[in-house]
Amino acid sequence: MLEKESPIWRPLLQMKNAPPPLKVKRAEGITLELEDGRKLINCVSSWWVTLHRHGHPKIAEAIYKQALTCELVNFSDFTHDPAEDLAKRLLSKLPASFTRLFFSDDGSTSVEIALKMACQYWHNCGVKTRRSFFRFEGGYHGDTLGGMSVGNDSVFHRPFLPLLFEVTTVPFPDTYEGDTAVEQKEQSALQAIEQSLRESPEKYAGIIIEPLIQAAAGMRICRNQFLKKLRDLANRHNLLLIYDEVMTGFGRTGDWFACTKSGIAPDILCLAKGLSGGFVPMAVTVCNEKIYQSFLDDTFEKAFAHSHSFTGSPLGCAAALASLDLLEENEESFRSLEQLHRAHLEKLRQHPKVDRVRCCGTIAAFDIVTKESTGYLNPVGKVMKERLMDKGFYFRPLGNSLYFMPAYCITQKELSGAYAAIESCLETI
Ligand SMILES: *Cc1c(COP(=O)(O)O)cnc(C)c1O
């Protein structure tokens with residue numbers, strides 16, 4: 001190791017040629033202040049977690065107070081007010097069919113728990129064959145082995161393929177403004193599932209989907225109508241439906257959750273990222289009573305034998321409660337962003353380098369027209385990222401998809417500034 005080199009192995013990078021990280025001195029509101037004095041408007045909520053604003057004093061104080069009161073206890077033997085309150089408040093925001101929730105630490109663990117719950121549900125019901133899942137092409141569900149199994153099978157996962165369990169991948173009916181083939185794509189996706197079920201009716205435990213927005217795949221959007229048909233299909237075939245709302249939860253889609261926006265209750269729901277307002281790791285997996293009841297028995301065998309060191313973290317719960325207060329006090333903050341995005345997109349869509357414009361709630365995205373193949377490794381994103389950074393805006397394109405996912409405190413002026421920067425950077429590529 002070189003004397004001046006950091007020993008830190010950073011995430012999701014080829015360390016051999018990764019540019020050195022920028023040191024952040026302070027994060028305040030929508031702004032990241034760097035050590036070299038530069039200021040960047042954070043247009044992507046860090047890794048899709050910062051919900052209200054950086055450094056919100058109400059959340060910071062809630063965490064501080066809780067840390068002085070009770071920072072952590074063993075959640076198998078004890079409980080505490082923050083967890084009890086949070087459980088009740090979350091359920092009050094969710095479809096009425098949800099009755100139970102299981103705490104964990106981050107999006108990946110909430111997904112692992114969902115998959116294990118679904119699998120053990122069938123085991124507990126005495127059906128030993130239902131182990132596999134349907135997943136959607138492009139879906140991302142975290143970087144643990146279970147999450148990778150139901151996730152994207154791109155370059156990311158090649159070394160691990162032998163370790164991943166078998167799933168059936170069906171096309172994701174992504175749509176965008178002016179798409180004329182959407183009905184047909186939705187039909188194909190549903191038919192693909194039906195076909196596999198005809199071949200192996202007793203093989204599948206359930207279906208996992210990022211509802212309304214597939215995030216990591218490039219903010220690909222599907223319609224409510226499709227989610228409705230998927231629910232009907234799951235009902236007809238007795239499949240458990242899992243919504244991974246790790247990213248879409250807490251206002252991102254313009255409503256509290258994708259499931260409240262679409263009016264469709266899955267059987268299992270995963271929440272993380274924005275749950276704590278983006279302050280501390282915290283996740284929850286929510287399920288309906290049918291699933292919970294299947295785990296009740298006089299023997300331990302049917303119990304859900306799963307826990308993490310920080311399960312039910314009081315600090316996470318306190319942060320989440322403060323964040324829920326803020327969301328309730330100002331629902332407009334997430335409900336109003338779509339209209340603002342759309343006004344800017346209206347203009348941007350005329351640009352010859354802009355394709356497949358899409359918008360859902362607080363999130364807007366489009367593809368940059370490029371000669372290279374599309375996908376995560378497309379180089380145009382990197383170029384755009386650097387040019388936008390030079391103008392004082394932090395974006396992190398996914399391949400040739402550029403997306404906007406700001407914290408809810410962003411002002412109209414900051415938003416307009418960011419769109420103007422995008423337009424002028426598009427001119428240079
Ligand atoms: C980010 C993400 C995950 C993984 O969450 P982590 O907190 O990074 O483990 C899972 N599912 C979706 C949809 C995500 O966006």
Rounded, prolate or oblate: which fits the chain when a ≥ b ≥ c are the square roots of the eigenvalues of the alpha-carbon gyration tensor, with rounded for a/c under 1.5 and prolate only if a/b beats b/c? oblate
What percent do you get for the relative contact order of the range 169-282 when only Cα pairs under 8 Å and 6+ apart count? 21
Reduced to Cα centres, the span from the range 149-225 to the range 315-388 in Å works out to 22
Ordering of 136-149, 273-286, 5-18, 414-427 by burial proxy (mean other Cβ atoms within 10 Å per residue, highest first): 273-286, 136-149, 414-427, 5-18
Could you name the lysines in cross-link range of residue 185, using Cα to Cα under 20 Å and dropping any fewer than eight places away on the same chain? 228, 229
Fewest-first ordering of 390, 81 by Cβ atoms within 10 Å yields 390, 81
In what sequence do 85, 36, 297 fall when counting other Cβ within 10 Å, fewest first? 36, 297, 85
Computed [θ] at 222 nm, deg cm²/dmol, the chain (DSSP H ≥ 4; -39,500 (n - 2.57); rounded to nearest 500): -11000 deg cm²/dmol
Tell me whether the range 1-110 comes out rounded, prolate or oblate; compute the Cα gyration tensor, take square roots of the eigenvalues as a ≥ b ≥ c, and use a/c under 1.5 as the rounded threshold. prolate
Would you pull out the residues with amide H under 5 Å of residue 393's amide H, same chain only if 5 or more places away, H placed 1.01 Å from N? 41
What is the packing order of peptides 318-327, 67-76, taking the mean over residues of other C-beta atoms within 10 Å and listing the highest first? 318-327, 67-76
Please tell me which of these pairs span more than 31 angstrom C-alpha to C-alpha: 25/58; 273/391; 58/116; 58/302? 58/116; 58/302
Tell me the relative contact order for the chain as a rounded percent, counting alpha carbon contacts under 8 Å between residues six or more apart. 22
How do 362, 311 line up, fewest other C-beta atoms within 10 Å first? 311, 362
Where in the range 95-125 does the label zone of residue 144 land, with the point 7 angstrom along Cα→C-beta and an amide N cut-off under 20 Å? 100-124
Using modelled backbone amide H atoms (1.01 Å from N, in-plane), which distant-in-sequence or interchain residues come within less than 5 Å of residue 288's amide H? 99
Under the rule rounded for a/c under 1.5, else prolate if a/b exceeds b/c, else oblate, using alpha carbon gyration tensor axes a ≥ b ≥ c, the range 122-187 is classed as oblate
Amide H neighbours of residue 104 under 5 Å, at least 5 residues apart or on other chains, H built in the peptide plane: list them. 283, 284, 285, 312
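Quick note: the coordinates plus some simple rules give every number you see, no bench work behind them. Keep in mind that what you see is a predicted model, and the values were worked out from it rather than measured. In this analysis, Cβ positions are derived from the backbone assuming ideal geometry, glycine residues included, and neighbour counts consider all displayed protein chains.
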